[in-house]
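The values are calculated or read from the model by the stated rules, or taken from the named source; none is laboratory data. Owing to the predicted nature of the structure, the values given are computational and were not obtained by experimental measurement. Quick reminder, even Gly has a Cβ in these numbers, built from the backbone with ideal geometry, and neighbours come from all protein chains shown. Calculation scope for accessible area: heavy atoms of the full protein, side chains included, ligands and nucleic acids excluded. Shrake-Rupley method; radii C 1.70, N 1.55, O 1.52, S 1.80 Å.
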Amino acid sequence: MIVQQSTPESDVLVAIDISKFRHDVLIDAPGWRSRKRMVVPNDAGEFRRFAEYLHSLNRPVHIAFEATGDYHRGLAHFLLADGFQLHLVSSLALARTREALHNSWDKNDPKDAQVILHMLRDGVVQHYHDPLAYGMNDFQELSKTYHQVSLDKTRTLHRLLTHYVPLYFPEIEPHFHSTRSEWLLRLLSVFPTPASISALPMDEFVQQAWSLVGRKVSKQRLLEDIYRTAQSSVALPVATGSEAVAMFQLVLQQMRTLCQLRDQIEERADQYLQNNSDYHRLRQIPGIGPIGALTILAEAGDLRRFAHYRQFLKFCGLDLATYQSGRFRGASKISKHGNARLRCVFWMAAQVAVRMKENSFRYKYERYLRDKSADADTKRKACVAVSAKIARVAHSLIKTGADYRPFFEAAAPSGRIRSARAVEAISTS
């Protein structure tokens, strides 16, 4: 979150506009008649000369910049290791400040450096957390790589369901009910078209496909049903050895490779975090699995740096925001100005938690819908409320170092804990 704290007038202020090949720098120091402009190429020797020049000023130096992709990571890590104090400027705040100051949509690197310097002087900046310096780089790389593999897997699955399957085996689509149904990918790799299935007798097809479908409860019935479906298929009559079928098998192999890569990253992440106490505490929360806990640690870093859970909710974009003007006051909604991946993780955790048999999150979800119409909009609001509660619980567990307790047992006036039978008698009376 942005901390409004003006920098001392005796300090040197440095604004850097980050780009891929070079960085525009604007320096302002007390007693200078004009600001100094510099261009620092993305080179280790130029970084050293730039740092030596800042040290030669013999004053405390505050450096602010806007995160631009990953291009800022090299320079920021070098300056942080060299002892400088770094600040981060929000991209949204920078864009709105630039428009307010210049009243124009015109944008260029020198102008951005001026706006960054203005925001640094007013103290409208954020503290920069370098992932490598804080020991979070491995967490982030595991999480981001898994995210990219999942996106590629989803794109490939959509490519299968919208192009190849409707053309060459449309009746098999109902079996794509899970993204982890790798048995179907193995089966289609060997029998990509209905013609390749119906060309064999049923018993021979069942025998050849028996080891492809994995451990199914009704494997015999499943394979026989697929065989009968293939006999009445409306797929295009393409030859089994055609280039079209070869491309279909190529995409199926790509899908299988992505699924295997995803599973490897999951196992690698779980092994890497075996000795991490925060990871195990997050895993205790209903709805949060290995990848969910990894994403929380990778995107939020050390949750202890948030003094209050409301700061963490704001970082996730789960804080409430209200539009008000004059007599008009809109409904309070979540701001969605925080980390989108964290918000997605807690939303998915809420979807899982409310479907479990018994936990406090499902109890909150049912209590929220008890006296309201259970329409889709109300259910969505209830899931958002549960998502925010899971985020609060995650922050509390990491902050206090306590284990997760599914239900809170209130103490009786005598100081004793009510027994389960006593609680049941009170609830039924």
Complete set of residues in the stretch 388-406 that are open to solvent by 10 Å² or more (accessible area, probe 1.4 Å) and more than 15 Å from F306 (Cα to Cα): A388, K389, A402, D403, Y404, R405, P406
Exclusive hit being under 22 Å from H23 (Cα atoms), touching a helix residue (DSSP H, G or I) at 6+ places or on another chain (Cβ under 9 Å) and open to solvent by less than 40 Å² (accessible area, probe 1.4 Å), set F139, F84: F84
Subset tally (residues that are surrounded by 13 or more Cβ atoms within 10 Å (Cβ to Cβ) and under 20 Å from L313 (Cα atoms)) for the stretch 369-386: 6
F328 vs. criteria closer than 28 Å to F176 by Cβ and either open to solvent by less than 30 Å² (accessible area, probe 1.4 Å) or aromatic (F, W, Y) (or both): no
Among the candidates V238, V217, residue that is within 30 Å of I288 (Cα to Cα), open to solvent by 30 Å² or more (accessible area, probe 1.4 Å), in a loop (DSSP other than H, G, I, E, B) and not polar (S, T, N, Q): V217
Among the candidates A51, A76, A81, A113, residue that is under 32 Å from the mean Cα position of the chain (by Cα), at pLDDT 90 or above and farther than 30 Å from R304 by Cβ: A113
Some residue of the stretch 305-313 being open to solvent by 70 Å² or more (accessible area, probe 1.4 Å), out of contact with any Pro (no Cβ under 8 Å at 6 or more places or on another chain) and over 28 Å from S387 (Cα atoms): no
Single match in F47, F21 (criterion: touching a Leu at 6+ places or on another chain (Cβ under 9 Å), aromatic (F, W, Y) and in contact (Cβ under 8 Å) with a residue 12 or more places away in the chain): F47
In the stretch 244-270, the residues that are open to solvent by less than 60 Å² (accessible area, probe 1.4 Å) and farther than 30 Å from Y164 by Cα: A269, D270
Only listed residue being farther than 20 Å from R380 by Cα, touching a Ser or Thr at 6+ places or on another chain (Cβ under 8 Å) and either open to solvent by less than 20 Å² (accessible area, probe 1.4 Å) or touching a residue at least 40 places away in the same chain (Cβ under 8 Å) (or both), chosen from L273, L294: L294
Hits in the stretch 298-320 (condition: in contact with a Ser or Thr (Cβ under 8 Å, 6 or more places away or on another chain) and over 17 Å from T400 (Cβ atoms)): A298, E299, K314, G317, L318, D319, L320
Some residue of the stretch 89-99 being modelled with pLDDT under 90, more than 16 Å from Q126 (Cβ to Cβ), assigned to a helix (DSSP H, G or I) and out of contact with any Leu (no Cβ under 6 Å at 6 or more places or on another chain): yes
Per-region count, the stretch 172-182, residues aromatic (F, W, Y) and either buried (at least 18 other Cβ atoms within 10 Å of the Cβ) or in contact (Cβ under 8 Å) with a residue 40 or more places away in the chain (or both): 0
Residue tally, condition surrounded by 14 or more Cβ atoms within 10 Å (Cβ to Cβ), out of contact with any Asp or Glu (no Cβ under 9 Å at 6 or more places or on another chain) and in a helix (DSSP H, G or I), over the stretch 186-204: 8
Checking I226 against (1) open to solvent by less than 80 Å² (accessible area, probe 1.4 Å); (2) outside any helix (DSSP H, G or I), the condition it does not meet: (2)
Any hit, the stretch 52-71, residues being assigned to a strand (DSSP E or B), open to solvent by less than 20 Å² (accessible area, probe 1.4 Å) and over 19 Å from Y128 (Cα atoms): no
